[in-house]
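Working notes, structure below.
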Amino acid sequence: MIPPTLDFTAFLSWLEESPLGNWGQTLPEQLSQQLRSERWGDMPEWNETLKRLPEIDPLHIELQTQVAIGDISLMDKGRRLALQATLMGLHPWRKGPYKLFGMHLDTEWRSDWKWDRVLPHLEPLDNRLVLDVGCGNGYHCWRMLGAGARRVIGIDPSVKFVYQFQAIKHFSGKHLPVDVLPLGIEHMPAKLAAFDSVFSMGILYHRRSPMDHLRELKDLLRPGGQLVLETLVIEGPQGTVLVPEGRYAKMPNVWYLPSPDTLIGWMRKNGLQNPRMVDINTTSIQEQRATDWMTFESLEDFLHPDDHSKTVEGHPAPLRAVFVAEAPF
């Protein structure tokens, strides 16, 4: 059963008339299965958090240069502090930042910095149907909408992230064509071939089979659609791949870190056209760090204390690259 605080009614209605119409026959049951309360022991508290959010007309929404909802004049300091206390019920907040009625929700990641690196290399998103795989709480979904997308669908199997997205959408007027669903890529219909743009950012290295992930991404794109892939890489010639035996930067679920040329070869082998690297960037402790909204360990704790060019395990420090390619016609 889908909790009433998570309302997918408008999305399911749109789905029936969309190019994805067949998906609507199975999606309600998928959502019910993913949202079973026995799987998520904190779900009652998350539901209460959403119920406590005030009803207020935002008057102003800015998505092109940031995610800012609501005019500061609509909330005094006391109400902003109360809103902050309520939203802390969904701690930790990892992707952002957000600004709500003048309140700065300072997340672990400066996800806006990643978006600034990605945006110049995109096919224009005007009027495009977009899928964001592993979207977290949907920060980049909002920015995709702000860049002109017709509709944005984010998927992420972590249900707390879906609640965080719903908390932000609560203040947007709830009518905007952007949704985050509690699904993994494995829940998507096979060979859907429907999306104009598909994003996979920060996901590939968590997949036990990167080849399967690349094939799944390609199969979600319409002919000629664009894939945007951002992932951890290591330096080295074609054929270089790091397979950490234990943890990588304290993460237990990192499987493969290829060199850029290796990954381009993988993309080409899976039928993606003209794969190319468009950006490469060493992650800094200013881009990923602990904040009041994410009080656990962060990047500085994952790096070697005497040498930030290495992780605590001695691997090369996180180096992230952005690749783009097109689905074949």
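The values are calculated or read from the model by the stated rules, or taken from the named source; none is laboratory data. Keep in mind it's a predicted model, so treat the numbers as computed, not measured. Don't worry about glycine lacking a Cβ; one is built from the backbone with ideal geometry, like all the others, and counts go over all protein chains shown. These accessible areas exclude ligands, DNA and RNA; they are computed on the full protein's heavy atoms, side chains included. Shrake-Rupley method; radii C 1.70, N 1.55, O 1.52, S 1.80 Å.
Numbers below:
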quantity	calculated
Matching residues in segment 301-314 - criterion: being surrounded by 14 or more Cβ atoms within 10 Å (Cβ to Cβ) and outside any strand (DSSP E or B)	ASP301, PHE302, VAL312, GLU313
Hits in segment 269-318 - residues which are closer than 16 Å to GLU230 by Cα and charged (D, E, K, R)	ARG276, ASP279, GLU287
Selected residue (only one of ASP179, ASP132 is within 30 Å of SER32 (Cα to Cα), touching a His at 6+ places or on another chain (Cβ under 8 Å) and either in a strand (DSSP E or B) or not acidic (Asp, Glu) (or both))	ASP132
Failed criterion for TYR205 (all others in (1) touching a Leu at 6+ places or on another chain (Cβ under 7 Å); (2) open to solvent by 10 Å² or more (accessible area, probe 1.4 Å); (3) in contact (Cβ under 8 Å) with a residue 60 or more places away in the chain hold)	(3)
Residue ID - least open to solvent (accessible area, probe 1.4 Å), chosen from residues in segment 32-75 that are part of a helix (DSSP H, G or I) and basic (Lys, Arg)	ARG39
Single residue of segment 76-110 satisfying the filter (assigned to a strand (DSSP E or B) and either touching a residue at least 60 places away in the same chain (Cβ under 8 Å) or open to solvent by 60 Å² or more (accessible area, probe 1.4 Å) (or both)) that is farthest from GLY138 (Cα to Cα)	HIS104
Residue that is most open to solvent (accessible area, probe 1.4 Å), among those in segment 218-273 that are outside any strand (DSSP E or B) and of a type in the set (S, T, N, Q)	GLN238
Segment 138-172, subset touching a strand residue (DSSP E or B) at 6+ places or on another chain (Cβ under 8 Å) and assigned to a loop (DSSP other than H, G, I, E, B), residue surrounded by the fewest Cβ atoms within 10 Å (Cβ to Cβ)	ARG150
Subset of segment 315-329 [open to solvent by 30 Å² or more (accessible area, probe 1.4 Å) and under 17 Å from THR240 (Cβ atoms)]	HIS315, PRO316
Residues that are closer than 23 Å to VAL324 by Cβ, open to solvent by 30 Å² or more (accessible area, probe 1.4 Å) and among the hydrophobic types (A, V, I, L, M, F, W, C), drawn from segment 174-193	LEU192, ALA193
Where a residue in segment 285-298 is of a type in the set (A, V, I, L, M, F, W, C) and its partner, wherever it lies, is modelled with pLDDT under 95 and crowded, with 18+ Cβ neighbours inside 10 Å, with Cβ under 8 Å and at least six apart	none
Verdict on ASP196 being part of a strand (DSSP E or B) and open to solvent by 20 Å² or more (accessible area, probe 1.4 Å)	yes
